[in-house]
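Remarks on the structure that follows.
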Amino acid sequence: MDFFKKLFGGKNVRPSLDARHAGDSGMQATVMPVLPEEIYESASIELQDIIAPSALKIESKSINLGEKIARTFFIISYPRFLTDNWFSPIINLDKVFDISIFIHPIDTSLALRQFQKKVAEVQSQINVREKKGMVRDPMLDTAYQDLEGLRDNLIQAQEKMFDMGIYITIYADNEMELFKVENEIKSMLESRLIYIKPALFQQEEGFKSIIPINTDLLNIHQKLNSEPLSSIFPFVSFDLTSDTGILYGINRHNSSLVIFDRFSLENYNSVTFAKSGSGKSYATKLEILRSLMFDIDVMVIDPEREYEFLSEAVGGRYFNISLSSDHHMNPFDLPIPREDETAEDVLRSNIINLVGLFRLMLGGLTPEEDSLVDRAISETYAMKDITPESDFSNIEPPLLSDFEMVLSGMEGADSVVSRLAKYTHGSWATFLNRPSNVDINKKFVVFSIRDMEDELKPVAMYIIMHFIWNAIRKNLKKRLLVVDEAWWMMKSEDTASFLYSMAKRGRKYYLGLATITQDAADFMKSPYGIPIVTNSSIQILLKQSPTTIDILQKTFNLTDEEKYLLLESGVGEGIFFAGLKHVAIKVVASYTEDQIITSDPSQILLNRKAKEDYETAVKDGKL
């Protein structure tokens, strides 16, 4: 436009057709003025230009919308009775389709006049058959009774009449796919004696009736009274939206929010199964971050050091548990009994848990050794004047070396003492044979065992959980314990048994146990695997591998559609079970949340660099 202004003295002009084709023929070119409004209108793009398909072809039984094929149907017949939620299977069908429901009220006085005429016709037919001596027609009798009953309800204003039209448009990439979806919907409806037909030579009107412009161009209606009309209530798709709780994700079927409070169920436990890289840690960290906002204390057993940055971001505590670590936990520590407990109960429970720990540490115990260890633990406590009558608030608990000393003085304990030596004098002594110096008095606490030797990881997880359990029993508070890569604990019967006991007893102490694993097969092989699942009110299944999907299908009673959904899900997608309900879910996070909880290595490096730059700027006085 600026070029034409300069060329023609500042006027808005455009060359005419003659000027564009005059060339060198000597013809005189004419110049046509162009109004600014014409230029603006020619360049503007309207909403219809953006949302319109690339191409449109209307045929007798379908419409081609760009790369998609659409076909519109209408319902032509209903049975005598409609059950509640009969439309629910259609609405919840995992296909691409649109539904329009048009309801046109009918004036009651007009409906009564029509009923009067219809009742007279039916009564006349019944009388004619009686005069001819014909056998009674049950259909006519039933119709007469229905009409009389409905007419009475209309007169008493208990019912109203409506003209209703239901139109369904299905979409597919090709004719074969369209045919399959059509047959599926037809079979579902016909099993309820409801019949549909395609809008032959009216596909354009049908499509215009489907799009959200509130225009009923098909005008194909059936008369229904209030009661059967209520059975078509469309908002019957499954959802898990409650007034309280945290946002777990988006319902993939209807885009509603999956908001749930684990502490509102019969127990507060959850299990999460997913293959590596499917977003299970991401989803867990997102739940942790949102739970902290609701004053819930969170503790995590972290086998891969994935929660360190989250701990720093929220001001939590991070303990790196390893053979060279400065953080120690003495398994002989005793919690202070609560008001509803006695010192004897606490001491007995701790002794039983310690016997399980020594079974794990020593590679199993014979019945005789088991009895020796049990007696030696009691004597070790007694050596420190710790008895069922003691005040546990003013005691110094024994160490593993004290237990070894007591055990070495007992007859028949040589094998146990020799196997115990590596934990008291060998390279592993720094891990166990120290007084506790870990303070978990924070809203968010992480125990990392990434640097612990694989052979000791089950032992470390057992000791950490035992330490946490003792801390939980001190005071009643809403807490969440996250055990990531729980298959480590399922390797041993003692650790699996301890995990199961926490799942069963946690509710008493207001504790929710979140168990996460990528190895569903190993988890389910344990005799405690399925009991832990059944004692978890929330189950989250994300993307699965073909090697484990059959086990999960059997455990969770998944349909074939749900099975394939888990196989084909993307990162952060799966199925969310809560009580008796379950929905397809997609985990979503805000930008700020994503920066804190991401497990993407490239993003983690960028975050670390940003942190280093910030610390450098603070040190140099630039901030």
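Quick notes
- Residue in the stretch 68-87 that is assigned by TED's automatic domain parsing to the domain that holds K208, of a type in the set (F, W, Y) and in contact with a Phe, Trp or Tyr (Cβ under 6 Å, 6 or more places away or on another chain) present: yes
- Test: residue in the stretch 313-329 that is within 22 Å of R505 (Cα to Cα), assigned by TED's automatic domain parsing to the domain that holds D484, touching a helix residue (DSSP H, G or I) at 6+ places or on another chain (Cβ under 7 Å) and touching a residue at least 40 places away in the same chain (Cβ under 8 Å): no
- Total residues in the stretch 288-321 satisfying the condition of being farther than 20 Å from N441 by Cβ, at pLDDT below 90 and surrounded by fewer than 18 Cβ atoms within 10 Å (Cβ to Cβ): the figure is 2.
Every residue, every condition in (1) under 22 Å from S276 (Cβ atoms); (2) at pLDDT below 90; (3) surrounded by fewer than 19 Cβ atoms within 10 Å (Cβ to Cβ), yes or no:
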{"site": "P527", "(1), (2), (3)": "no, yes, yes"}
{"site": "I532", "(1), (2), (3)": "yes, no, no"}
{"site": "S545", "(1), (2), (3)": "yes, yes, yes"}
{"site": "D550", "(1), (2), (3)": "yes, yes, yes"}
{"site": "L558", "(1), (2), (3)": "yes, yes, no"}
{"site": "E561", "(1), (2), (3)": "no, yes, yes"}
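- Some residue of the stretch 104-114 being charged (D, E, K, R), touching a residue at least 24 places away in the same chain (Cβ under 8 Å) and either outside the structural domain of I155 (by TED's automatic domain parsing) or over 21 Å from N183 (Cβ atoms) (or both): no
- Boolean, S255 is surrounded by fewer than 16 Cβ atoms within 10 Å (Cβ to Cβ), modelled with pLDDT of 85 or more and within 30 Å of A578 (Cα to Cα): no
- Check on D519, at pLDDT below 85 and under 30 Å from R359 (Cβ atoms): yes
- Filter pass, S599 being of a type in the set (S, T, Y) and modelled with pLDDT of 85 or more: no
- Residue in the stretch 292-307 that is of a type in the set (F, W, Y), farther than 17 Å from E573 by Cα and assigned by TED's automatic domain parsing to the domain that holds F162 present: no
- Exactly one residue among S209, S187, S191, S230 is under 19 Å from A172 (Cβ atoms) and among the hydroxyl-bearing types (S, T, Y), and that residue is S187.
- Boolean, A496 is in contact (Cβ under 8 Å) with a residue 24 or more places away in the chain, crowded, with 20+ Cβ neighbours inside 10 Å and in a helix (DSSP H, G or I): yes
- So T430, is it among the β-branched types (V, I, T), surrounded by 23 or more Cβ atoms within 10 Å (Cβ to Cβ) and part of a helix (DSSP H, G or I): no
- Single match in R479, R473 (criterion: under 28 Å from H328 (Cα atoms), crowded, with 18+ Cβ neighbours inside 10 Å and touching an Asp or Glu at 6+ places or on another chain (Cβ under 7 Å)): R479
- Check on G279, closer than 25 Å to I440 by Cα and out of contact with any His (no Cβ under 6 Å at 6 or more places or on another chain): no
- Residue match in the stretch 439-447 (condition: over 30 Å from I288 (Cα atoms) and touching a helix residue (DSSP H, G or I) at 6+ places or on another chain (Cβ under 6 Å)): no
- Cβ-Cβ under 8 Å pairs, at least 6 apart or on other chains, the stretch 301-312 side on the phi < 0 side of the Ramachandran plot, far side among the basic types (K, R): D302/R450; P303/R450; P303/K457; E304/R450; E306/K285; Y307/K285; L310/K285; S311/R317
- In the stretch 573-596, the residues that are at pLDDT 85 or above, surrounded by 12 or more Cβ atoms within 10 Å (Cβ to Cβ) and in a loop (DSSP other than H, G, I, E, B): V587, V588, A589
- Selection from the stretch 71-96 of residues that are under 30 Å from the mean Cα position of the chain (by Cα) and either free of Cβ contacts under 8 Å to residues at least 12 places away in the same chain or buried (at least 19 other Cβ atoms within 10 Å of the Cβ) (or both): W86, F87, I90
The values are calculated or read from the model by the stated rules, or taken from the named source; none is laboratory data. What you see is a predicted model, and the numbers here were worked out from it, not measured in a lab. Every residue, glycine among them, receives a Cβ derived from its backbone with ideal geometry; neighbour counts consider all protein chains shown.
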